[in-house]
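Remarks on the structure that follows.
The values are calculated or read from the model by the stated rules, or taken from the named source; none is laboratory data. Note that the coordinates shown come from a computational prediction; the quantities given were computed from them, not determined experimentally. Quick reminder, even Gly has a Cβ in these numbers, built from the backbone with ideal geometry, and neighbours come from all protein chains shown.
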Ligand SMILES: Nc1nc2c(ncn2[C@@H]2O[C@H](COP(=O)(O)O)[C@@H](O)[C@H]2O)c(=O)[nH]1
Ligand SMILES: [Mn+2]
Ligand SMILES: [Mn+2]
């Protein structure tokens, strides 16, 4: 990891720390980093806070350049970063503020099984998941779409595969944006990107992507848990994946197209990786249309991953997935930019909210929260690591007031991949996990070392902060029982 951040992080209360505008010439707004003292120590270990300050220089940025407690260094923007820009004030769109894995996100599926029903079947279950759900870098899957079908899929989102029997319409009700971001234009996605995506839909990918069987080990808010249909000892499945090679290529193509935009449109950037273009420019419009199409592909990918998990459970437990109650709680994106209405300085306006490693957390009553959850707020799904815990939270009002309706997206890395790999050399992480009651299977042993639990911060600490700051509230904590990794 890069050397540490020594700049100012002034506490302004409620777990929020300010990098004042005066820290660097060119900052248009302050930086706001949400953390407690324990996490601040980890956050200072790399230059992610400096990246927060750099983002504060983007044209049209509103209120503050914001970062969540799971912040760590990323391409241009930190992971865990939130930035809203106003098109009416020359606001920009930046691919680095979305990330290479467009619409990387998490889907959470409930079952009507309990710990006692699965505990003697975990090895069989994980093995069946591992050999059914394709994982690993560049892996293709069993669903093959030609270029025309891939483009249709990007226009329609999971509806396209549900119409072909791969899921049910109610899955869409429980997906952010109903699984279809409007105004996606698949024709703005290059042929090369389409080619990369055509055979990868329904595959997990590598590294931090996973499919995990979990058990609810604590319930913190019984009323909300009831609305979400969660209870103690219940078995659930969490899926973390994105838009595979297709999204990566859309990002790469746009970065090439944005290379000269700062000169063309007359603004300065402190870091080339912050490449951006005005929202209302040909380059900006093209990226937005392609990014939305890639996002729809990402929802579709998780739909197909869920469908394969449903099939495996049905095979192992000898009952249909419907009979096993395998209903989707929710699917959330955590790498995306969206045009949303927010109140800024007492005025409602439409802004482009970039969430890179950050999750939408809309509160009760928001029209974009599915009807079923509208009295309590949207479910927020937070993976932690494969050895300790993950969480279901609920969106809350504080997020609308402070972070453009956003909360954290995970635990966030505490060690670089290189450091974690070195730390794991000669160890059998799978055996260590088995001792703790977690069955893990991965395409590569190095992958398990890079992804070992201590490579991440403790997600419970991250959740403490977002709960305390009222960016989202604790509902239930899950612990892992079995995981497949790329
Ligand atoms: N429950 C698990 N959580 C995991 C695992 N591997 C990673 N993670 C968490 O996911 C987030 C999201 O990662 P990102 O790539 O989107 O930034 C990460 O911060 C970890 O907390 C796992 O195997 N199981
Ligand atoms: Mn992700
Ligand atoms: Mn991803």
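Structure notes:
- Some residue of region 118-133 being farther than 21 Å from residue 331 by Cα, within 16 Å of ligand 3 (Cβ to nearest atom) and surrounded by fewer than 16 Cβ atoms within 10 Å (Cβ to Cβ): no
- Criterion applied to 58, 166 was being modelled with pLDDT of 95 or more and either within 16 Å of ligand 2 (Cβ to nearest atom) or buried (at least 21 other Cβ atoms within 10 Å of the Cβ) (or both), and the one residue passing it is 58.
- Residue match in region 161-179 (condition: over 17 Å from the mean Cα position of the chain (by Cα) and part of a strand (DSSP E or B)): no
- Subset of region 339-352 (residues that are on the phi < 0 side of the Ramachandran plot and surrounded by fewer than 23 Cβ atoms within 10 Å (Cβ to Cβ)): 339, 340, 341, 342, 343, 344, 347, 348, 349, 350
- Members of region 70-80 that are away from ligand 3 (no atom under 15 Å from the Cβ) and either under 18 Å from residue 283 (Cβ atoms) or surrounded by 24 or more Cβ atoms within 10 Å (Cβ to Cβ) (or both): 71, 76, 78
- Of all residues making up region 259-285, the number that are part of a helix (DSSP H, G or I), touching a residue at least 24 places away in the same chain (Cβ under 8 Å) and buried (at least 18 other Cβ atoms within 10 Å of the Cβ): 3
- Among the residues of region 431-475, those identified as touching a strand residue (DSSP E or B) at 6+ places or on another chain (Cβ under 8 Å), modelled with pLDDT under 95 and either over 24 Å from residue 205 (Cβ atoms) or part of a helix (DSSP H, G or I) (or both) are 447, 448.
- Residue 420 vs. criteria assigned to a helix (DSSP H, G or I), without any contact (Cβ under 8 Å) to a residue 60 or more places away in the chain, buried (at least 21 other Cβ atoms within 10 Å of the Cβ) and away from ligand 3 (no atom under 16 Å from the Cβ): yes
- Screening residue 256 against (1) in contact (Cβ under 8 Å) with a residue 60 or more places away in the chain; (2) farther than 26 Å from residue 367 by Cβ; (3) surrounded by fewer than 24 Cβ atoms within 10 Å (Cβ to Cβ) leaves a single unmet condition, (1).
- Test for residue 388: is it free of Cβ contacts under 8 Å to residues at least 40 places away in the same chain and not in a strand (DSSP E or B): no
- Cβ-Cβ distances below 6 Å connect the following pairs, each with a first residue in region 230-247 that is without any contact (Cβ under 8 Å) to a residue 40 or more places away in the chain, a second residue that is surrounded by fewer than 24 Cβ atoms within 10 Å (Cβ to Cβ), and a separation of six or more residues or different chains: 232/216; 232/219.
- Here residue 381 fulfils each of the conditions (1) outside any loop (DSSP other than H, G, I, E, B); (2) more than 16 Å from ligand 3 (Cβ to nearest atom); (3) under 16 Å from residue 108 (Cβ atoms) apart from (2).
- Single residue of region 199-224 satisfying the filter (under 14 Å from residue 108 (Cα atoms) and more than 16 Å from ligand 3 (Cβ to nearest atom)) that is surrounded by the fewest Cβ atoms within 10 Å (Cβ to Cβ): 215
- Identity of the residue in region 394-413, away from ligand 2 (no atom under 16 Å from the Cβ) and not in a helix (DSSP H, G or I), that ends up surrounded by the fewest Cβ atoms within 10 Å (Cβ to Cβ): 396
- The residues of region 1-42 that are in a helix (DSSP H, G or I), crowded, with 16+ Cβ neighbours inside 10 Å and modelled with pLDDT of 95 or more, listed by number, are 21, 23, 39, 40.
- Any chance residue 225 is part of a helix (DSSP H, G or I), modelled with pLDDT under 95 and more than 16 Å from ligand 2 (Cβ to nearest atom): no
- Here residue 334 passes the criteria (1) crowded, with 24+ Cβ neighbours inside 10 Å; (2) at positive phi except the one numbered (2).
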